[in-house]
Amino acid sequence: MRSDVESLTDGVVDPAVTLRTNTVRPEISFSYEPSKLWSVRGDFHTMTNGASYTAITPHTQQATHFVFRVHPIPKLSVEDEISIANNKLLTTNFQNNIRSNALTVSYSLGERFSVFGGFSYESYFAQGDILYARGTPPLNNSLRDQELNRVWSGGLEGKPTKRLGLRLSGNFDRSSGSGAITGEPPAYGPLTWPLVTGTIYYDLPKAGRVAVDLQRTYYNEEIVTGNNFSANLLTFRWTRGF
């Protein structure tokens, strides 16, 4: 892959902020299903950039991704997803490590009722040196960002009749940690973000599906409180397949 960033000043190319980057990204994907009870799929990939446009544009990346799926019984499904990524740019001491895991369990009691629940965990770490082009000395600082993100999710769906359906689902997102530059207060930090959606729908013969969604959410950030909000949303939907 080749990417070009070109900056013009009065129609003249500015070489200081113009850069061509060549990137090589080989990848190997695989899938294995020895039986109907379980399967695994995933990939391994690396990335190498010939040049870095910013101090946090990594030169190298090594990453892998796995998805394990288990069906111990026909009505029960368990899926676990794992992702690992390591990024580096040695010239600015930049390092970025991401570890995440997401587990989802689904159970169906029949065609008219099913439930699911899940939990995901992500560990994010980044640090590096920053060199400002101008300003009041000292112009050298360091960036450090360390976060833990957790998301709980769950829901259920039922069909009291052949055409009438009810669905309730929700997520609860909790993030801890903060990102800051040496000598400055954190730019962002812990936050809480739940979202719950309730839906009732009815399938009309030949006309499609009519649905009503009611959502409740709020966003609470502990450092930049100006971003905080809460909302109630009512949506009417009509969908039809052709």
Checklist outcome for this item: A careful count of residues in segment 92-123 that are closer than 24 Å to K75 by Cβ and basic (K, R) gives 1
Checklist entry - Across segment 169-186, what is the number of residues that are among the aliphatic types (A, V, I, L, M) and crowded, with 16+ Cβ neighbours inside 10 Å? => result 1
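This table checks each residue for (1) of a type in the set (G, A, S); (2) within 14 Å of the chain's Cα centre (by Cα); (3) closer than 25 Å to A126 by Cβ.
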| residue | (1), (2), (3) |
| --- | --- |
| P160 | no, no, no |
| L166 | no, no, no |
| G177 | yes, no, yes |
| I181 | no, no, yes |
| A187 | yes, no, yes |
Checklist entry - How many residues are outside any strand (DSSP E or B), touching a residue at least 12 places away in the same chain (Cβ under 8 Å) and loosely packed, with under 11 Cβ neighbours inside 10 Å when one looks only at segment 7-43? => result 2
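Tell me, yes or no, whether segment 57-67 has at least one residue that is in contact with a Phe, Trp or Tyr (Cβ under 6 Å, 6 or more places away or on another chain), more than 27 Å from A180 (Cα to Cα), among the polar types (S, T, N, Q) and at pLDDT 95 or above. Lay out the reasoning, then the answer.
Here is the first cut: in segment 57-67, the residues in contact with a Phe, Trp or Tyr (Cβ under 6 Å, 6 or more places away or on another chain) are 64.
Imposing the further condition that a residue be more than 27 Å from A180 (Cα to Cα) reduces the set to 64.
The next check asks that each one be among the polar types (S, T, N, Q); those that pass are 64.
Checking the rest, the ones that are also at pLDDT 95 or above come to 64.
Looking through segment 57-67, at least one residue is in contact with a Phe, Trp or Tyr (Cβ under 6 Å, 6 or more places away or on another chain), more than 27 Å from A180 (Cα to Cα), among the polar types (S, T, N, Q) and at pLDDT 95 or above.
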Checklist entry - For segment 167-242, which fully contained strands (runs of 3 or more DSSP E) count at least 3 residues that are more than 29 Å from T104 (Cβ to Cβ)? => result none
Item to check | Unmet criterion (only one of (1) out of contact with any Gly (no Cβ under 6 Å at 6 or more places or on another chain); (2) assigned to a strand (DSSP E or B); (3) farther than 22 Å from V115 by Cβ) for Q146 | outcome: (1)
Next on the checklist: Pull out all pairs, ordered by first then second residue, where Cβ-Cβ is under 7 Å, the residues are six or more apart or on different chains, the first lies in segment 142-162 and is closer than 30 Å to E184 by Cβ, and the second is outside any strand (DSSP E or B).
Outcome noted: S142/T182
Next on the checklist: Give me the residue from segment 80-100 that is touching a His at 6+ places or on another chain (Cβ under 9 Å) and of a type in the set (V, I, T) and, out of that set, farthest from V40 (Cα to Cα).
Outcome noted: T91
Checklist entry - Where residues in segment 124-140 are exposed (fewer than 15 other Cβ atoms within 10 Å of the Cβ) and either basic (K, R) or touching a residue at least 12 places away in the same chain (Cβ under 8 Å) (or both), which of them is nearest to V78 (Cα to Cα)? => result L131
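The values are calculated or read from the model by the stated rules, or taken from the named source; none is laboratory data. For clarity, every value in this text was computed on a predicted model and none was experimentally measured. Neighbour counts are summed over all protein chains in view; Cβ atoms, including those assigned to glycine, are modelled from backbone coordinates with ideal geometry.
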